[in-house]
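Have a look at the structure below before the remarks.
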Amino acid sequence: MTVLKTAARTLGLIAALGALTSIAIADAAKGPLRVGTNAGFAPPIEAAVAVAKAQGLDVKLIEFTDPVTPNTSLANGEIDLNYFQHKPFLDVVKAARSFDLEPVGIGIANKTGLFSKKYKSLDELPVGARVALAGDPFNFGRGLELLEAAGLIKLKPDHGPQVNVDAVIDNPKKLRFLEIDFHQLPQSLNEVDLAHGYTHFLKASGVIDPHAALFWEPINPRYGIVFVAQPKNKDDPRIAQFIKIYQTAPEVRAVLDKQYGDLYVRLWERE
């Protein structure tokens, strides 16, 4: 009986070791966690990658230069996680491209507002003032909603998520809306009367003090930047570890503070 028990224990140990080896091989086959982002969000992600390496988590950072490829690469399995967009933008992309992607963690929200180099208050805006808003459909609508929040226009109550000028039902100052490339909004302040300013771009451009908004957009979690993955990978412990590093590591916080100053919000602290 003793020999049989010993043999059984040995077989059990071998089976257990085999299972552990299989898990190790499967994890190794995954390779590094591949994370996509863009230049605007790269510095804190780079800091998170360095912290992850110190913790034994191998992360490969891929930096994209356009807003399309990060989601295409994620949907195709070329990367495991991306971080560059808010959920309404993701929803538009998913509807247009039938991508099966979902948010798996919350990041920061950059403050935005209405800026002018010509006027010191919204009351000074003349009739027919030219207002620059981001030219893509979603952020153009966001700009219109900001103008409404500032009391400059009124929109249809049921205008939906992608707002256009057809939703404007009251425009007492007869504002003229200009669609400007998202990244060129800071420079547009040299020409227009008012512009929707994204503070991280304003800070980088030096065109105007990014603290000098005439009206601030109310902080809305829906515009927070999210970590996005394929649903089948949402429980990957590497993803959870990397997001936790981004949210809690002092090294990442230092880079966030340096890059954005007091012009951003850590949304995970508000959940």
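The values are calculated or read from the model by the stated rules, or taken from the named source; none is laboratory data. Because the structure is predicted, anything quoted here is derived from the model rather than measured. Cβ placement follows ideal geometry from the backbone for every residue including glycine, while neighbour counts extend to all protein chains displayed. Note: accessible area is taken over every heavy atom of the protein model, side chains too, but ligands, DNA and RNA are not part of it. Shrake-Rupley method; radii C 1.70, N 1.55, O 1.52, S 1.80 Å.
In the stretch 224-239, which residue that is open to solvent by 20 Å² or more (accessible area, probe 1.4 Å) and not in a loop (DSSP other than H, G, I, E, B) is farthest from Glu179 (Cα to Cα)? Spell out how you get there, then give the answer.
As a first pass, look at the stretch 224-239 and keep what is open to solvent by 20 Å² or more (accessible area, probe 1.4 Å): 230-235, 237-238.
Next, from what is left, pick out any that are not in a loop (DSSP other than H, G, I, E, B): 231-233, 237-238.
Working: Pro231: 35, Lys232: 38, Asn233: 38, Pro237: 42, Arg238: 40 Å.
Among residues in the stretch 224-239 that are open to solvent by 20 Å² or more (accessible area, probe 1.4 Å) and not in a loop (DSSP other than H, G, I, E, B), the one farthest from Glu179 (Cα to Cα) is Pro237.
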**Message:** Can you report the number of residues in the stretch 152-190 which are without any contact (Cβ under 8 Å) to a residue 60 or more places away in the chain and open to solvent by 60 Å² or more (accessible area, probe 1.4 Å)?
**Reply:** 17
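Given the structure, is Glu63 at pLDDT 90 or above, in a helix (DSSP H, G or I), open to solvent by 60 Å² or more (accessible area, probe 1.4 Å) and closer than 30 Å to Ser205 by Cα? Break it down stepwise before answering.
On the way: at pLDDT 90 or above: yes; in a helix (DSSP H, G or I): no; open to solvent by 60 Å² or more (accessible area, probe 1.4 Å): yes; closer than 30 Å to Ser205 by Cα: yes.
No; evaluated as a whole, the condition is false for this residue.
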**Request:** Please verify whether the stretch 197-208 includes one or more residues that are out of contact with any Ser or Thr (no Cβ under 9 Å at 6 or more places or on another chain), at pLDDT 95 or above and charged (D, E, K, R).
**Result:** no
**Request:** Have a look at Val192, Val163, Val207 and point out the one that is in contact with a Lys or Arg (Cβ under 7 Å, 6 or more places away or on another chain), over 28 Å from Lys244 (Cβ atoms) and assigned to a loop (DSSP other than H, G, I, E, B).
**Result:** Val192
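Filter the stretch 116-160 for residues that are under 18 Å from Phe182 (Cβ atoms) and in a loop (DSSP other than H, G, I, E, B); which is modelled with the lowest pLDDT? Break it down into steps so the answer makes sense when it comes.
So the first thing to find is which residues in the stretch 116-160 are under 18 Å from Phe182 (Cβ atoms), and the list is 130-147.
Of the ones still in play, those that are also in a loop (DSSP other than H, G, I, E, B) are 135-136.
Values: Gly135: 90, Asp136: 83.
Checking each candidate, the answer is Asp136.
Kindly indicate whether any position in the stretch 118-128 is basic (Lys, Arg) and open to solvent by 70 Å² or more (accessible area, probe 1.4 Å). Outline the logic, then answer.
Of the stretch 118-128, the ones basic (Lys, Arg) are 118, 120.
If we keep only those that are open to solvent by 70 Å² or more (accessible area, probe 1.4 Å) too, we end up with 118, 120.
Checking the stretch 118-128: at least one residue is basic (Lys, Arg) and open to solvent by 70 Å² or more (accessible area, probe 1.4 Å).
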